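Structure first, commentary second.
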Amino acid sequence: MDRKQIIMISVSNHKLVYGILSGLVVLIFFSCKPSVPDRLIQPDDMRDILYDYYIAQSIANQSADDSLAMISFKANILKKHGVTDALFDSSMVYYTRHTKELHDIYQSLSDRLGNEALSQGASANEMAKYGNIGSSADTTNIWKWERTVVLAPYEACNDYSFLIEADTAYHKGDRVMLDFDSQFIYQDGMRDAVAVLAVKFGNDSVMSQVVRISSTSHYHVQVDDGARLGIKEIKGYFLVNNPTDASTTTTLRMFVVSGIRLIKMHMKEAAVPSSNETEKTDSDSIKSNSGNIQSLSLPSENRNVQKRRLRTTGRILEPSLSR
């Protein structure tokens, strides 16, 4: 065996040893990674339960007394999944203390809700409400992320931000509108969230609009390039505030933002009339006003009264003139 073969065997052995050590490190890493205890609801099951909660809350919102309806729905949901109130609450306590797992559940839930909305034709109908202004403006939905976002007032789960850099498709005078639906699924605690839309213009000035969200409803936030400076970037975020009420005991607090659309409207600049058109308009206006003045006439009775007054005045003046 020559020296070259010995070197190749040595290198191969080193690669084998390195591969074995790398595999052991990966195995140790995953074996040491904390997992949800078996006595608690596992992530996939928790996602299914929260999905049913979302559907139930949507139905309950149509009821005259949504709180009583939700109590009944909750009992049926837990019964369906074979879960007790105590197990559900203890599991939520665990997830709120391990926000990475909770974030993954909410992200998976967002994807599921978004996919189901698309399967029901949401994308085909999302621009229907803006289609009637096509003659005066060009409209485009520039939102390119998840159409449904699930947040909660816990660290790492309470905000979602976005940023769009403007390109040549943007024009001076454009209007930007953030349109969405909100839904709170809270067992207790104050419902408090905000949505922010900020637009940076060509001169680096920024205009922003903020809407405070405290109920399940439809919202929109709008910013106009009224000064026709041109848009450089669009950014914003959704944020759920953490309630400071220490008396709350139940930990299920879920805020769902759905049907998200970021509509860009190209507003055409109003045409400035020429000098000839202005003169013609002024002339027509004068003629119109003149015609109105000429058409004003007193009734026959009033004209007779006016003539009598003139004759009386003449008789009063005659003695003074004779002097």
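The values are calculated or read from the model by the stated rules, or taken from the named source; none is laboratory data. Computed from a predicted structure; not experimentally measured. Positions of Cβ are backbone-derived with ideal geometry, glycine not excepted, and every protein chain shown enters the neighbour counts. Note: accessible area is taken over every heavy atom of the protein model, side chains too, but ligands, DNA and RNA are not part of it. Shrake-Rupley method; radii C 1.70, N 1.55, O 1.52, S 1.80 Å.
Restricting attention to the range 229-251 and to residues that are at pLDDT 95 or above and in a loop (DSSP other than H, G, I, E, B), the residue that is surrounded by the most Cβ atoms within 10 Å (Cβ to Cβ) turns out to be Leu229.
On the given criteria, is Ile185 over 15 Å from the mean Cα position of the chain (by Cα), assigned to a strand (DSSP E or B) and either surrounded by 15 or more Cβ atoms within 10 Å (Cβ to Cβ) or in contact (Cβ under 8 Å) with a residue 40 or more places away in the chain (or both)?
Yes; evaluated as a whole, the condition is true for this residue.
May I ask you to verify whether Met254 is out of contact with any Asp or Glu (no Cβ under 9 Å at 6 or more places or on another chain), buried (at least 18 other Cβ atoms within 10 Å of the Cβ), modelled with pLDDT under 95 and in a strand (DSSP E or B)?
Yes.
Just one residue in the set Val199, Val221, Val211, Val194 is part of a strand (DSSP E or B), within 26 Å of Met70 (Cα to Cα) and free of Cβ contacts under 8 Å to residues at least 60 places away in the same chain; that residue is Val194. Right, Asp179: crowded, with 18+ Cβ neighbours inside 10 Å and acidic (Asp, Glu) or not? Yes, satisfied. Scanning the range 153-176 for residues that are over 23 Å from Gly230 (Cβ atoms) and either in a loop (DSSP other than H, G, I, E, B) or open to solvent by less than 60 Å² (accessible area, probe 1.4 Å) (or both), we see that the one that is modelled with the highest pLDDT is Tyr160.
A quick yes/no check of all residues on (1) modelled with pLDDT of 90 or more; (2) surrounded by fewer than 17 Cβ atoms within 10 Å (Cβ to Cβ); (3) not charged (D, E, K, R):
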residue: Lys100; (1), (2), (3): yes, yes, no
residue: Asn115; (1), (2), (3): no, yes, yes
residue: Leu118; (1), (2), (3): no, yes, yes
residue: Lys144; (1), (2), (3): yes, yes, no
residue: Leu151; (1), (2), (3): yes, no, yes
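Taking the range 215-227 as the range and being open to solvent by 60 Å² or more (accessible area, probe 1.4 Å) and under 14 Å from the mean Cα position of the chain (by Cα) as the test, the residues that pass are Thr216, His218, His220, Gln222. The residue of the range 72-98 that is modelled with the highest pLDDT, among those that are more than 21 Å from Ala152 (Cα to Cα) and of a type in the set (Ser, Thr, Tyr), is Thr84.
Residues considered: Gln42, Gln62, Gln57. Of these, the only one that is under 27 Å from Ser108 (Cα atoms), open to solvent by 90 Å² or more (accessible area, probe 1.4 Å) and at pLDDT 55 or above is Gln62.
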